[in-house]
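Q: Dropping the structure in here first, questions after.
The values are calculated or read from the model by the stated rules, or taken from the named source; none is laboratory data. Keep in mind the model is a prediction, meaning the values are calculated, not measured. Note: accessible area is taken over every heavy atom of the protein model, side chains too, but ligands, DNA and RNA are not part of it. Shrake-Rupley method; radii C 1.70, N 1.55, O 1.52, S 1.80 Å.
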Amino acid sequence: MISEPELIGGEDFPAAQVLDRDSRESRDPRQSREPLEPRRPRPRRPWLWALGGAVVASAVWAGGLYAYERSRDEGVDLRGYRTVENLCERAELKALSVVLGKKSVDQETPTEKHPALDRAVCFATLGSPETGYSVQVVYELHKVTDPGPEFEPLLSVWASDAEPVEGLGEQAYVHRDEGDGGAWIRVLDGQAELEISFSDQQTWSPEKGQAVTETKKVDLSGIETVLVQDLTALMAALKK
């Protein structure tokens, strides 16, 4: 077994000397000059992968921040729908007017504005003010949350037998009351909910102790198609 060499006499090894070129070429080995100062090591360059990783991380962070700020500024996509102050003017109800009679009364309520929701309502009478049908148009624009998950469940509470309408908005349902008392159609189109409904006019009769229908009834056959036509026109008018 080879062991480490022992120091002789307890003295350390002599320090190594660094000779310059002139010392090495000198004929007299006893002649020597001061040793040259060793060259200082150059500082190491930063690792390229570390530098590249920092650049990529900064770019990703900046891109994420830009996307966040842009989404916050732009908000949800309203698909062209806008807040309106004159819903009755937008809801012309041309198809219903052919069946129920011309518009004789037009009453609009102020648009309710909120950072999360705008709601406009229009009341009208088609036909004679005394014997015509009462019409209501509702327009709700959701500016923050998605109304989609709650649309169908709420409709099922109002009328479980409502019929779906294909090709109108994202979801659409139409319902006709028994006895030709009225009908309604409701549509979800992105962040917008729209409804057109009508019903006969009734007044309370103290003598009979019940509500009495004042409306002169008309044939409502095919009224579902009529409602689809007017709601389609209203959706287009609300985007102008």
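Q: Please specify each residue of segment 181-208 satisfying the condition of being open to solvent by less than 40 Å² (accessible area, probe 1.4 Å), outside any strand (DSSP E or B) and not polar (S, T, N, Q).
A: Correct list: Gly181, Gly190.
Q: Working only within segment 116-131, note down all residues that are at pLDDT below 95 and open to solvent by 50 Å² or more (accessible area, probe 1.4 Å).
A: Pro129, Glu130, Thr131
Q: Right, next: Which one of these is over 30 Å from Glu130 (Cα atoms) and not basic (Lys, Arg): Glu178, Glu166, Glu214, Glu195? Give the derivation first.
A: Values: Glu178 fails: over 30 Å from Glu130 (Cα atoms); Glu214 fails: over 30 Å from Glu130 (Cα atoms); Glu195 fails: over 30 Å from Glu130 (Cα atoms).
After ruling out the rest, the residue left standing is Glu166.
Q: If we keep just the residues of segment 132-156 that are over 20 Å from Glu89 (Cα atoms) and of a type in the set (Gly, Ala, Ser), which is modelled with the highest pLDDT?
A: Filtering segment 132-156 down to residues over 20 Å from Glu89 (Cα atoms) leaves 142-156.
Right, trim to of a type in the set (Gly, Ala, Ser) and you get 148, 156.
On the way: Gly148: 94, Ser156: 80.
Among those that are over 20 Å from Glu89 (Cα atoms) and of a type in the set (Gly, Ala, Ser), it is Gly148.
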